[in-house]
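Below is one structure; the comments refer to it alone.
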Amino acid sequence: MENSVEKDIYILGIESSCDETAASVVKNGREVLSNVISSQIALHTLYGGVVPEIASRKHIEKINQVIDQALTDADVTLQDITAIAVTYGPGLVGALLVGVSAAKAISFATGIPLIGVHHIEGHISANYIENKELEPPFVCLVVSGGHSHLVIVRDYGKYEIIGRTRDDAAGEAFDKVARAIGLGYPGGPKIDKLSNEGNPDAIHFPRAKVVGSDYDFSFSGLKSAVLNYINGCKMRNEEINTADVAASFQKAVVDVLVEHALAAVKEYGMDKFAIAGGVASNAHLRKAFEDSCAARKIEFYHPSPIFCTDNAAMIGVAGYYEYLAGTRSGYDLNAVPNLKLGER
Ligand code: KG4
Ligand code: ZN
């Protein structure tokens, strides 16, 4: 491959924190040359959720194949790669270890620098892929299966968490409610779809506020309210309109997310707002933010759905900015299941 006068930077991103084995090659931080995702969703659906032991085993089976495919699709070889970025936390320890071990082995064999990346930093950075003009500072709402964070992105790699969930993550609430109404795993996309046929105002579910903390979330009360509603219907032998339950539950989640996020944008004097994580692919959430941001003259950014759920392109992008900042990891890099954003 020919290099231009200013040397191009190619990052090989690797992600294996949950149930997706993924690898990607990203050029100069914003151009995704390949994005290979081997999803285990079908396998875990059998058990109604992710089974950590099965996830680790599947990652081991797939990881080399996925990395090879990412290089092939990008039309590069390891010789072209400037640095290897790998998710080292947070996530399932056994799952994380597979990606981390593969990245360390390649780095050790080739001498290519190794960079450990925070999974949430990856989710936030997914916004840079299709929004070439987006630069910090901005407010980002990260809503995934494991996290609900309201983050001030001060600069590349510089984050201030101003709100978090006190109990369930937003995606977790979607998954639990979906299971309760018989939709199966993963619940988010199924509720998203079914809610199109329901009335979001049919049932009033609570919008929780966390006392003394404007930006924290709590979704467990909402989940209980949905379960109580379902049980009540069953006891009274009333038929449950699952589409109405899905639409009303989803509206309760969306209302709270929009209210908290826009209050933060105003309070912190920002004019840019982004969403990230699996739940950010929710069509109703995106529409609600589109409308409310337009009304307040706030620039709204979101990744395409394929870059919202777990992928390695986002890790490649985050790895690029960490590379520029001089971040390098040693061969003692380990999986850190509860890694905090901004910690090393
Ligand atoms: O970011 P992600 O792929 O994995 C984590 O880092 O957790 O997020 C997965 C979560 C799951 O809870 C899934 O149900 C939810 O994102 N999700 C959605 C949608 N697509 C995925 N939630 C609501 N609407 C969707 N369209
Ligand atoms: Zn994720």
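The values are calculated or read from the model by the stated rules, or taken from the named source; none is laboratory data. Predicted model only: the values in this text are computed from it and were never measured. Here the Cβ is made from the backbone with ideal geometry for all residues, glycine too, and neighbour counts use every protein chain on show. SASA here: full protein model, heavy atoms, side chains in, ligands and nucleic acids out. Shrake-Rupley method; radii C 1.70, N 1.55, O 1.52, S 1.80 Å.
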- Query: If you check residue 336 against the conditions, is it in contact with a Gly (Cβ under 8 Å, 6 or more places away or on another chain), modelled with pLDDT of 95 or more, open to solvent by 10 Å² or more (accessible area, probe 1.4 Å) and assigned to a helix (DSSP H, G or I)?
  - Reply: no
Checked the range 183-215 for anything surrounded by 16 or more Cβ atoms within 10 Å (Cβ to Cβ), of a type in the set (Ser, Thr, Tyr) and more than 16 Å from ligand 1 (Cβ to nearest atom); matches are 215
Per the filter on the range 152-161, residues open to solvent by 30 Å² or more (accessible area, probe 1.4 Å) and among the hydrophobic types (A, V, I, L, M, F, W, C) are 161
Contact list, first residue from the range 73-85 and among the polar types (S, T, N, Q), second anywhere and open to solvent by 10 Å² or more (accessible area, probe 1.4 Å) and in a loop (DSSP other than H, G, I, E, B), beta-carbon distance below 7 Å, six or more apart or interchain, is 82/9
Check: Being open to solvent by less than 10 Å² (accessible area, probe 1.4 Å), assigned by TED's automatic domain parsing to the domain that holds residue 185, over 24 Å from residue 22 (Cα atoms) and at pLDDT 95 or above, is that true of even one residue in the range 286-306?
Finding: yes
Task: Test: residue in the range 121-137 that is in a strand (DSSP E or B) and more than 14 Å from ligand 2 (Cβ to nearest atom) - done: no
Q. Is it fair to say residue 331 is away from ligand 1 (no atom under 16 Å from the Cβ), at negative phi and touching a helix residue (DSSP H, G or I) at 6+ places or on another chain (Cβ under 6 Å)?
A. yes
So, first residue in contact (Cβ under 8 Å) with a residue 60 or more places away in the chain in the range 257-270, second residue among the basic types (Lys, Arg) and surrounded by fewer than 21 Cβ atoms within 10 Å (Cβ to Cβ), Cβ within less than 8 Å, six or more apart or across chains; the pairs are 265/296
Residue count, the range 223-255, condition under 25 Å from the mean Cα position of the chain (by Cα) and open to solvent by 10 Å² or more (accessible area, probe 1.4 Å), comes to 5
When residue 39 is run through (1) more than 16 Å from ligand 2 (Cβ to nearest atom); (2) of a type outside the set (D, E, K, R); (3) free of Cβ contacts under 8 Å to residues at least 24 places away in the same chain, the failure sits at (1)
Do we find that residue 105 is within 13 Å of ligand 2 (Cβ to nearest atom), farther than 20 Å from residue 338 by Cα and not aromatic (Phe, Trp, Tyr) in this structure? no
- Determine whether residue 269 is modelled with pLDDT under 95, part of a loop (DSSP other than H, G, I, E, B) and open to solvent by 50 Å² or more (accessible area, probe 1.4 Å). no
Among 316, 342, the single one that is surrounded by 14 or more Cβ atoms within 10 Å (Cβ to Cβ), assigned to a loop (DSSP other than H, G, I, E, B) and out of contact with any helix residue (DSSP H, G or I) (no Cβ under 8 Å at 6 or more places or on another chain) is 342
Note on residue 168: of the conditions (1) buried (at least 23 other Cβ atoms within 10 Å of the Cβ); (2) acidic (Asp, Glu); (3) away from ligand 2 (no atom under 14 Å from the Cβ), unmet is (1)
Report task. With respect to residue 47, determine if the residue is on the phi < 0 side of the Ramachandran plot, away from ligand 2 (no atom under 16 Å from the Cβ) and crowded, with 24+ Cβ neighbours inside 10 Å. Result -> no
Note: among 126, 180, 173, just one is open to solvent by 30 Å² or more (accessible area, probe 1.4 Å), among the small types (Gly, Ala, Ser) and either farther than 21 Å from residue 19 by Cβ or within 16 Å of ligand 1 (Cβ to nearest atom) (or both), namely 180
Flagged pairs (Cβ under 7 angstrom, 6 or more apart or on separate chains; first in the range 123-148, of a type in the set (Asp, Glu); second open to solvent by 10 Å² or more (accessible area, probe 1.4 Å) and within 13 Å of ligand 1 (Cβ to nearest atom)) are 130/304
